[in-house]
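First the structure, in the form of structure tokens, and then the observations on it.
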Amino acid sequence: MDFALNDDQIAIQDAARAFAEGQLAPHSAEWDEKKHFPVDVLRQAAALGFAGIYVNEDVGGSGLSRLDASIIFEALSHGDVPVAAYLTIHNMASWMIDRFGSDDLRQRYLPRLTTMELIASYCLTEPGSGSDAAAMRTTARLDGDHYVLNGGKAFISGGGVSDVYVVMARTGGEGAKGVSAFVVEKGTPGLSFGANERKMGWNAQPTAQVNFDNCRVPVENRIGQEGEGFRFAMMGLDGGRLNIASCSLGGAQFALDTAKAYLETRNQFGRPLKDFQALQFKLADMATELEAARLMVRRAAHALDNKHPEATKLCAMAKRFATDAGFQVANDALQLHGGYGYLQDYPLERLVRDLRVHQILEGTNEIMRVIIAREMFRQ
């Protein structure tokens, strides 16, 4: 396989990088410090087609591939990791409606989601069932022409701010086959939100609990058939894992670029730091790990685009490797800056905080190992 980018992909990458450098990077430190969620900037990204990357064109999507999406999210994360990461979540929720929803549901929501007139969140995780997502307790009981939802979701990006929530809830018995998916609008009676969580990183996007107390949702807002929601969620997570891995690549590349520039300009013992072989070796290892991670992510994206039978395994491998490598590159870049790396005047401490959560979300990296081993034995 040749993973050299074609002309269209280079143009997409250039557009995303230009947006990141012009609209994201100059404000990243301020957004982090003030915990500001830049909805206006997200809508500017949507105008470039970045809010419905792999949504069909008939409802305003860009109709691009998972590989194209990876290129875009990596480029955007070079400017700001949490803002780019939020776009990955919005894209995943929109994709689920596009791929599995009725035409009525698609037409009602996606034209406004692809412009980000409406902002979407994805609600799977619960306080008592993180890695064991199939053990969810949120229920959806059919009552006439509505479902009545009760329960709660935890760690929801956009919770309390988003307009649309793609929610997994139990309509049947225990296990994965009892789960269905729904679109729930903000403002629906019985829908409420917890306080914005105080987090180590990802401060430029809100995170809160989403609660349902006899929340009535129309039957026509169910995505697909009853009992299909968990399968939809897992299919969404294959792509979600690639997206968050791509965000790790972009953040880590910025850290590597920053460390290289620092070694070129900083002098110690009468010599530039770049002349010290120990530091050269460290930088070389960082660049090598990052390139290996990038190749794994693009290989997995290619597999997902082409419905390769090993796509799930490759996505888990790429997510595990890229998020671990991305965090380590950022941490090493901080170390190369010495005491300056620990200061908020420099971007490294922010990158370390932002990239750390990527090893946890979209399935922890321990769960990625479970998936990889399970797929190996299945084969």
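The values are calculated or read from the model by the stated rules, or taken from the named source; none is laboratory data. Here the structure is a predicted model, which means the values were calculated and not measured. We place every Cβ from the backbone using ideal geometry, glycine too, and count neighbours over all the protein chains shown. The area values use the complete protein model at the heavy-atom level, side chains included, leaving out ligands, DNA and RNA. Shrake-Rupley method; radii C 1.70, N 1.55, O 1.52, S 1.80 Å.
Here are the numbers for the structure shown:
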| quantity | calculated |
| --- | --- |
| Verdict on residue 36 being part of a loop (DSSP other than H, G, I, E, B), more than 20 Å from residue 111 (Cβ to Cβ) and in contact with a helix residue (DSSP H, G or I) (Cβ under 9 Å, 6 or more places away or on another chain) | yes |
| Cβ-Cβ under 9 Å pairs, at least 6 apart or on other chains, region 305-318 side free of Cβ contacts under 8 Å to residues at least 24 places away in the same chain and farther than 13 Å from residue 362 by Cα, far side basic (Lys, Arg) and in a loop (DSSP other than H, G, I, E, B) | none |
| Positions within region 141-173 being in a loop (DSSP other than H, G, I, E, B) and touching a residue at least 12 places away in the same chain (Cβ under 8 Å), in sequence order | 145, 158, 159, 160, 161, 162, 163, 171, 172 |
| Matching residues in region 334-379 - criterion: being in a loop (DSSP other than H, G, I, E, B) and not polar (S, T, N, Q) | 337, 343, 345, 346, 347, 360, 361, 362, 363 |
| First in region 319-340 and within 14 Å of residue 360 (Cα to Cα), second anywhere and among the basic types (Lys, Arg) and at pLDDT 95 or above, Cβ under 8 Å, 6 or more apart | 319/241; 320/369; 322/294; 327/356 |
| Residue within region 196-205 that is more than 17 Å from residue 101 (Cα to Cα), open to solvent by 20 Å² or more (accessible area, probe 1.4 Å) and in contact with a helix residue (DSSP H, G or I) (Cβ under 7 Å, 6 or more places away or on another chain) present | yes |
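Per-residue answers, yes or no, for (1) farther than 23 Å from residue 231 by Cβ; (2) of a type outside the set (A, V, I, L, M, F, W, C); (3) open to solvent by less than 10 Å² (accessible area, probe 1.4 Å):
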{"site": "67", "(1), (2), (3)": "yes, no, no"}
{"site": "81", "(1), (2), (3)": "yes, no, yes"}
{"site": "84", "(1), (2), (3)": "yes, no, yes"}
{"site": "88", "(1), (2), (3)": "no, yes, yes"}
{"site": "93", "(1), (2), (3)": "no, no, yes"}
{"site": "97", "(1), (2), (3)": "no, no, yes"}
{"site": "104", "(1), (2), (3)": "no, yes, no"}
{"site": "107", "(1), (2), (3)": "yes, yes, no"}
{"site": "110", "(1), (2), (3)": "no, no, yes"}
